[in-house]
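Take a look at the following structure, please.
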Amino acid sequence: MLFTLSTTHQPATDLGFLLHKHPDRLHEISLPQGKALMFYPEATQERCTFALTLELDPVQLVRGSGQKGDAGLLDEYVNDRPYAVSSFLTVALGRALGTAFTGRSKDRQVLAETPIPLEVTLTPLPVRGAEDLPERLFKPLGYEVQIERHPLLAAQSTWGESPYITLTLTTTQRLQTVLEHLFVLIPVLDNRKHYYIGKAELEKLLRKGEAWLQQHPEKRLITERYLKYRKVLVQEALVRLADEAAIELEASSDCDLKQNLAEFELEKPLNLNELRLATVTQVLLEHGAERVLDLGCGEGRLLKSLLQQGQFNRIVGVDVSLRALEIAERRLHLDTLSEKQRERIELWQGALTYRDQRFAGFNALVLVEVIEHLEPDRLDALERVVFEFAHPELIVITTPNREFNARFPNLANGKLRHADHRFEWTRAEFQAWCERVATTYGYQVALSGIGETDPELGSVTQIGVFTL
Amino acid sequence: MKTISIPEFALVVLIGASGSGKSTFARQHFKPTEVVSSDVCRGLVADNENDQAATKPAFEVLHYLVEKRLEGRRLTVVDATNVRAEDRKSLIALAKKYYARTVAIILNPGQSVCIERNLARPDRQFGAHVVQNQTRTMKQGLFGLAREGFKHIYELRSEAEINAVSITRQRLWTDLRDETGPFDIIGDIHGCFDELHSLLQNLGYQVGEDAEGVYALPPAGRKLVLVGDLVDRGPKTPQVLRLVMRMVKAGQALCVLGNHEAKLLKWLRGKDVKLSHGLAQSAEQLNQETPEFRAEVAAFLDGLISHYVLDGGRLAVAHAGVKESMQARAAGAIKQFCMYGETTGETDEFGLPVRYPWAMDYRGSAKVVYGHTPMPQAEWLNNTICLDTGCVFGGKLTALRYPELELKSVPAQQVYCEPVRPLEALNVNLSAQQEDDDILHFADVSGKRLLETRLHRQVTIYAENAAVALEVMSRFAVNPRWLVYLPPTMAPTSTSSKADYLEYPSEAFSYYAQRGVSEVICEEKHMGSRAVMVVCRTAEVAQQRFGVTSGEIGVIYTRTGRHFFNDAKLTAAILERLNQAMQQAGLWEELHTDWACLDVEIMPWSAKASALIREQYAPVGAAARLSLQALSQALQKAAQRGVDLGTLTERVAERSAAVDQYGTAWAQYCWEVTSIEDLKIAPFHLLASEGAVHMDKTHTWHMTQLARLAEHDRLFHATAHLIVNLQDEAQVAAACTWWEQLTQQGSEGMVIKPANFIAYSNEQPIQPALKCRGKDYLRIIYGPEYDLPENLERLKKRGLSRKQSLAMREFSLGHEALHRFIDKEPLRRVHECVFGILALESEAVDPRL
């Protein structure tokens, strides 16, 4: 990648003094994963440009350095890290221009404290799916933003555009301020930090953003992305930035997070998830359930609600995803729960399409927003596992009402609410399925809705309560 | 000298006061591992064999050890005082649970002897009153031992008696493991003598009549086995009994006890029994026989036992079935189970007891052959088969030839008895096994598992890998009934010794040459996506053979078991084309099959990998291009200014060249697919068809058969290949040249395989294939600049042994899965292999290999 910094403040060659790099030489410093090379493509009285490029070691990037905490990028063994503008660049900038970051200059201190016309270019900068982000980030900070797009393939236009841009920023500010902006916002633009995000990163963010982050309209997005959505850190950062609205982000894996976020955002104004959990908990309470099996418990939201009710003396959450179970374990604080509480709850890995002896002996079983994650041709296995073999006195099933999707302004017509939904049923479809299954396995079923209800389209979520 | 006879499998409880010599006795008569001692257990939990404070945990350990040994059907001796009934109760309960016979041996050398012995031991200074109390308690309890549940009780009343005793072990009657057959096993006869007569003839028995009556001489070495219910309902019960009794007596037959025999015996003994369920017919017929014959019958019936375990434990025969935990053991509960099976306690609409389908849960290694429940067809279910095909109800009389596993039957000559419940198939479309297979069990795939394969010993699947596979399998895989195979991973050839190559064919050739392979085949490696195609001639075949009722005729899935195409219509269209091509090529007829499983490569790469290309490969190329372009422009300017840039400019030029080559490396594997006609499918293995796994053939056979598909449909493509004799240097050199040409034209590379699908070296199977990838193709794997000298040098240091081991294990499991499928084994047995491959895939191996 190439980073350039130009000024037309005269004499422009004073830039060399501000950066502590002589314009007529090639400079080189070594970095953990390679080296940074610096030189000046132009250096006249009128205009002076500093350029920095990284030569990262592709073999080491993939393999890891062998040091602790550096596992390498073997999962994506071909990746753009050696070429794209990324957090590697911010690390290099920090090391190469350390003094400039502090706002000091041995020979031009006054200039260092003076706003001067500066132009920054970054190329190729990845902006996956957020082309307007550079403007949202830099405009409020007083930059003029110019974007040049590039095709994915050099010769072929049929493949469309690449996710990379050349970003040009022009402004008149102190050099130190510009460097601080870049230090925070380059990783935010790339959204893929290569190093561990811990408390130190939080401090760094607050220090570099001290003067401007609090007023920035994209404060939340910057914080979330900079701290890689690590809930605890993000919350602390926002609190320290005096943000009143606490946020509701969960520490999920990136991919799931994005999908879950999409569904969450969609349904959020309705506060649907909480309503759903409250409804299911209420149904279980009313039916006198004591031993409850939560199949497809995911990250344990319902379990947490059940744990608060003394009536449930045995609560078991089952999910096929080990990752989800880990998160549930943390959410429920299983390791620090009192012994009495700990005895009430268990988490198991299991699958809905395999018969499981452990599922017997519960008097209630719930499937909250689960069945739609199964291929339709595997539903018959779930039916037998749940209704025939587990065969509890009470079964509660919730699933989206497809008809209601028309009411989501951000959901394209015919699209499903979650990328992993294999189907979503209309009320008639859900009813037909419920009635067939109930008849086959000797249950009575009562159907209703949860959440906002449209007179024609029905409720957001459908619920079926099966009893023996 | 007194001899004590104990069953070979029993729980032996030694009873005696401290100092009575139990440990010495145990040492003399039993193996050290057979003895579980309370003192030793005290030592295990408290470092002190005499620590009375540790009694509770010590006995918990003792009980645990006893339980584990009995579970494994091992004779176990409990060396503890056991003087109180309370102490013995829990041991008796364990013996009951595991159907172990119970033996009590009381050691009573006299109180004074015990006291004296304890005095001589410095660690047992607890005073005489202890022994006195123990002896008193023991004596009080002796009368109750039989009531407590001990079957064999021996009391040794003096030191002399204790010293003189010898112990012999007796095999259990149910244990006929040394009888290896071959056998002819016949289902419920119920007095149908005429049908038995003709079935025996069909089985090759020499049937005739002499002065003693009817005889049937088995073919050489064979033995008849009867699953019970010889009597009642039918017209000729005495004749059946006469023949069977004669054959059993002559050692030509074995017979187990059926519930009808048990009831008949009661009647013969004059007990008040209701003459229902066909007993009336037997009574009437037997009343016309002599009292001597009736007495003979009673003696015979009395001697019948619950079940037999035969042929080294590989076969078990019982009337209504026998669970694994009961086999070759003896107990009242086992007898009940063997006669009646398990019932749920409910009755059905015909007033008959609802039977619990124990066979559905059966996971034992012994085949269980039984009768009792009339079925329209004898069918295997989880390694068990019911041979009662309702002859007396107008069905047929069925025999199973073992070990051939052939079924033979003769139809009933008439309906002798109207069945209470109509003798109809519950589901005529799906077999019993498929019905049961409708659901797979979590316990059959979870946790650490050892899978036996016929090719490569055991393959271990670790719990953490199984856990990962469970998620993939249950969330993303196709219907498990279709999933009869998953392709193994393939190792690359060893790293090349040539300076500017990472891989070159020479190393693959020497791998095989060193292992005694004289001929290999080189097949062009298509750059598409691997897929498995299962295709049936009709949807009916799919239902009968695979149990799939969706109406699909087949499936196309990826190497992780997912649907290859998201578009069901496209999949169906491709499968129909394959079906037609198989038909036109005459392969259905030639292979005597109506289904087949193929290993194929589907092109273009972009058809499956478009997301990967669009989101990963292409962007990397774009980023590299943009980055280096911007850099060289900036460098040019600096150079014009006269800045000394050293070798940087040349280096950037070199990197740019590599990046350009990367751009073209993958682009040619991509083209747009708007219809089926834009696809290319190259089948390269005809893996299996009915009754055959074709891994016993040469690759030339596979290439030849599959090329015939290409002749009939342009969707299918033959694979370019070359046979190489490894002893002929010219042929080897030509093959290297061929590879160079292929890869220079943009091909991915080639796969080198031994001429035979499965090749061995020192009786161990060797790698079934090695891939050798082209120089430019490897840019996609190792990055655009992998072949710059400083990178290549480091990349050459790569270890292949894990990858090779993984490839071998996965290959063995795939081979095993197909064999089990063609052997019509239960789905779970096929599924566990396929599941295992998926689990192995989550082992950490460098994905670039």
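Between a residue in region A:392-409 that is hydroxyl-bearing (Ser, Thr, Tyr) and any residue that is assigned to a loop (DSSP other than H, G, I, E, B), which pairs come within a Cβ distance under 6 Å, given they are 6 or more apart or on different chains?
Every condition considered, the pairs that remain are A:Thr398/A:Glu369.
Okay, moving on. Which fully enclosed helices (runs of 4 or more DSSP H) of region B:141-224 have 3 or more residues being farther than 30 Å from B:Glu86 by Cα?
B:193-202
Next question, about the same structure. If B:Glu195 satisfies every condition in (1) touching a Cys at 6+ places or on another chain (Cβ under 6 Å); (2) surrounded by fewer than 22 Cβ atoms within 10 Å (Cβ to Cβ) but one, which is the exception?
Result: B:Glu195 fails condition (2) only.
Okay, moving on. Which is among the acidic types (Asp, Glu) and modelled with pLDDT of 90 or more, of B:Glu615, B:Glu590, B:Glu672? Let's see the steps before the verdict.
Values: B:Glu615 fails: modelled with pLDDT of 90 or more; B:Glu672 fails: modelled with pLDDT of 90 or more.
B:Glu590 is the lone residue from the list that is among the acidic types (Asp, Glu) and modelled with pLDDT of 90 or more.
Do you know which of the residues in region A:24-47 that are within 19 Å of B:Ala630 (Cβ to Cβ) and assigned to a loop (DSSP other than H, G, I, E, B) is nearest to the other protein chains (Cβ to nearest Cβ)?
A:Leu26
Another question, then. Which one is nearest to the chain's Cα centre (by Cα) among residues in region A:52-75 that are facing chain B (nearest Cβ under 8 Å) and at pLDDT below 70?
It comes out as A:Asp75.
Within region B:73-86, track down each residue that is in contact (Cβ under 8 Å) with a residue 60 or more places away in the chain and either part of a loop (DSSP other than H, G, I, E, B) or within 19 Å of B:Arg42 (Cβ to Cβ) (or both).
Those that are in contact (Cβ under 8 Å) with a residue 60 or more places away in the chain and either part of a loop (DSSP other than H, G, I, E, B) or within 19 Å of B:Arg42 (Cβ to Cβ) (or both): B:Arg73, B:Arg74, B:Leu75, B:Thr76, B:Val77, B:Val78, B:Asp79, B:Ala80, B:Thr81, B:Asn82, B:Val83.
I need every pair where a residue in region B:647-659 that is within 12 Å of chain A (Cβ to nearest Cβ) has its Cβ under 8 Å from the Cβ of a residue that is of a type in the set (Lys, Arg), sequence separation at least 6 or different chains.
B:Ala658/B:Arg779; B:Val659/B:Arg625
Pick from region A:411-445 the residues that are touching a residue at least 60 places away in the same chain (Cβ under 8 Å) and within 19 Å of A:Ser459 (Cα to Cα): which of them is surrounded by the most Cβ atoms within 10 Å (Cβ to Cβ)?
A:Arg417
Of all residues in region A:1-23, count the ones that are within 9 Å of another protein chain (Cβ to nearest Cβ) and under 18 Å from A:Lys106 (Cβ atoms).
So the answer is 1.
I'd like to check something: does region B:153-166 contain any residue that is within 39 Å of the chain's Cα centre (by Cα) and either at pLDDT 95 or above or not aliphatic (A, V, I, L, M) (or both)? If you could, list the steps in order and put the result at the bottom.
Looking only at region B:153-166, we keep the residues that are within 39 Å of the chain's Cα centre (by Cα), and these are none.
No: region B:153-166 contains no residue that is within 39 Å of the chain's Cα centre (by Cα) and either at pLDDT 95 or above or not aliphatic (A, V, I, L, M) (or both).
State the number of residues belonging to region B:457-473 that are within 22 Å of B:Leu818 (Cβ to Cβ) and surrounded by fewer than 18 Cβ atoms within 10 Å (Cβ to Cβ).
Kept after step one, since they are within 22 Å of B:Leu818 (Cβ to Cβ), are these residues of region B:457-473: B:457-461, B:465-466, B:469, B:472-473.
Adding the requirement that they be surrounded by fewer than 18 Cβ atoms within 10 Å (Cβ to Cβ) leaves B:457-458, B:460.
Residues meeting the conditions: 3.
Return the pairs, sorted by first residue and then second, in which the second residue is of a type in the set (D, E, K, R) and in a strand (DSSP E or B), the first residue lies in region B:131-156 and is under 26 Å from B:Ala333 (Cβ atoms) and touching a residue at least 12 places away in the same chain (Cβ under 8 Å), the beta carbons are less than 6 Å apart, and the residues are 6+ apart or on different chains.
Within 6 Å, the pairs are B:Lys151/B:Arg101.
Mind checking whether some residue in region A:342-351 is touching a residue at least 60 places away in the same chain (Cβ under 8 Å), not in a loop (DSSP other than H, G, I, E, B) and not hydroxyl-bearing (Ser, Thr, Tyr)?
Applying the first criterion (touching a residue at least 60 places away in the same chain (Cβ under 8 Å)) to region A:342-351 yields none.
Looking through region A:342-351, none of the residues is touching a residue at least 60 places away in the same chain (Cβ under 8 Å), not in a loop (DSSP other than H, G, I, E, B) and not hydroxyl-bearing (Ser, Thr, Tyr).
Also, I was wondering about something else. Where the second residue is assigned to a helix (DSSP H, G or I) and of a type in the set (Ser, Thr, Tyr) and the first is farther than 12 Å from B:Ala220 by Cα and lies in region B:193-206, which pairs have Cβ atoms under 9 Å and are six or more apart or on separate chains?
As it stands, the answer is B:Phe193/B:Thr237, since those pairs meet every condition given.
Among the residues of region B:57-72, is there at least one that is outside any strand (DSSP E or B), within 19 Å of B:Arg121 (Cα to Cα) and out of contact with any Ser or Thr (no Cβ under 8 Å at 6 or more places or on another chain)?
No: region B:57-72 contains no residue that is outside any strand (DSSP E or B), within 19 Å of B:Arg121 (Cα to Cα) and out of contact with any Ser or Thr (no Cβ under 8 Å at 6 or more places or on another chain).
Here's another thing I want to ask about it. Only one residue in B:Leu400, B:Leu407 is surrounded by 23 or more Cβ atoms within 10 Å (Cβ to Cβ) and part of a strand (DSSP E or B), so which one is that?
B:Leu400
Is it the case that region A:409-421 has a residue that's closer than 19 Å to A:Ala364 by Cα and in contact with a strand residue (DSSP E or B) (Cβ under 9 Å, 6 or more places away or on another chain)? Spell out how you get there, then give the answer.
Filtering region A:409-421 for residues closer than 19 Å to A:Ala364 by Cα gives none.
Within region A:409-421 (the criterion being closer than 19 Å to A:Ala364 by Cα and in contact with a strand residue (DSSP E or B) (Cβ under 9 Å, 6 or more places away or on another chain)), the answer is no, since none of the residues qualifies.
Quick check: is even one residue across region B:673-691 hydroxyl-bearing (Ser, Thr, Tyr), surrounded by fewer than 22 Cβ atoms within 10 Å (Cβ to Cβ), within 14 Å of another protein chain (Cβ to nearest Cβ) and farther than 27 Å from A:Arg47 by Cα?
yes
Quick check: anything in region B:87-103 in a strand (DSSP E or B) and in contact with a Gly (Cβ under 8 Å, 6 or more places away or on another chain)?
yes
Which condition from (1) more than 21 Å from B:Ala262 (Cα to Cα); (2) surrounded by 14 or more Cβ atoms within 10 Å (Cβ to Cβ) is the one that B:Asp348 breaks?
Status for B:Asp348: all satisfied but (2).
Go through region A:142-172 and give me each residue that's more than 30 Å from B:Trp666 (Cα to Cα) and surrounded by fewer than 18 Cβ atoms within 10 Å (Cβ to Cβ). Talk me through it step by step, then tell me what you get.
Step one: list which residues in region A:142-172 are more than 30 Å from B:Trp666 (Cα to Cα), which gives A:142-146, A:168-172.
Those that are more than 30 Å from B:Trp666 (Cα to Cα) and surrounded by fewer than 18 Cβ atoms within 10 Å (Cβ to Cβ): A:Gly142, A:Glu144, A:Val145, A:Gln146, A:Thr170, A:Thr172.
Can I ask one more? Only one residue in A:Pro124, A:Pro115, A:Pro23 is modelled with pLDDT of 90 or more and within 29 Å of B:Ala611 (Cα to Cα), so which one is that?
A:Pro124
Continuing with this model, one more query. Looking for whichever is touching a His at 6+ places or on another chain (Cβ under 7 Å), in contact (Cβ under 8 Å) with a residue 12 or more places away in the chain, crowded, with 23+ Cβ neighbours inside 10 Å and in the same structural domain as B:Ile186 (by TED's automatic domain parsing) here; the options are B:Val317, B:Val309. Which one fits?
On the way: B:Val309 fails: touching a His at 6+ places or on another chain (Cβ under 7 Å).
Selected residue: B:Val317, the only one of B:Val317, B:Val309 that is touching a His at 6+ places or on another chain (Cβ under 7 Å), in contact (Cβ under 8 Å) with a residue 12 or more places away in the chain, crowded, with 23+ Cβ neighbours inside 10 Å and in the same structural domain as B:Ile186 (by TED's automatic domain parsing).
In region A:372-397, which residues are surrounded by 19 or more Cβ atoms within 10 Å (Cβ to Cβ), away from chain B (no Cβ under 11 Å) and over 24 Å from A:Glu290 (Cβ atoms)?
Matches in region A:372-397: A:Glu372 only.
Only one residue in B:Ala469, B:Ala463 is in contact with a Leu (Cβ under 8 Å, 6 or more places away or on another chain), within 14 Å of chain A (Cβ to nearest Cβ) and either more than 22 Å from B:Trp738 (Cα to Cα) or of a type in the set (Phe, Trp, Tyr) (or both), so which one is that?
Details: B:Ala463 fails: in contact with a Leu (Cβ under 8 Å, 6 or more places away or on another chain).
Just a single option satisfies the conditions, and that option is B:Ala469.
Hey, another quick one. For A:Gly361, state whether it is modelled with pLDDT of 90 or more, more than 14 Å from chain B (Cβ to nearest Cβ) and surrounded by fewer than 17 Cβ atoms within 10 Å (Cβ to Cβ).
For A:Gly361, the condition - modelled with pLDDT of 90 or more, more than 14 Å from chain B (Cβ to nearest Cβ) and surrounded by fewer than 17 Cβ atoms within 10 Å (Cβ to Cβ) - is met.
Only one residue in A:Thr168, A:Thr158 is at pLDDT 85 or above, over 25 Å from the mean Cα position of the chain (by Cα), within 14 Å of another protein chain (Cβ to nearest Cβ) and over 20 Å from A:Gln215 (Cα atoms). Which one?
Details: A:Thr158 fails: at pLDDT 85 or above.
Unique residue meeting the criteria: A:Thr168.
Kindly state which helices (runs of 4 or more DSSP H) lie completely within region B:744-849 and contain at least 3 residues that are within 29 Å of the chain's Cα centre (by Cα).
Details: elements: B:778-782, B:789-795, B:801-822, B:827-840.
Passing ranges, in order: B:801-822, B:827-840.
Then there is this: Let me spell it out: the conditions are (1) buried (at least 21 other Cβ atoms within 10 Å of the Cβ); (2) within 14 Å of another protein chain (Cβ to nearest Cβ), and B:Glu615 meets all of them except one. Which number is the exception?
Among (1) buried (at least 21 other Cβ atoms within 10 Å of the Cβ); (2) within 14 Å of another protein chain (Cβ to nearest Cβ), the lone unmet condition for B:Glu615 is (1).
The values are calculated or read from the model by the stated rules, or taken from the named source; none is laboratory data. Remember, predicted model here, so these are calculated numbers, not experimental data. Quick reminder, even Gly has a Cβ in these numbers, built from the backbone with ideal geometry, and neighbours come from all protein chains shown.
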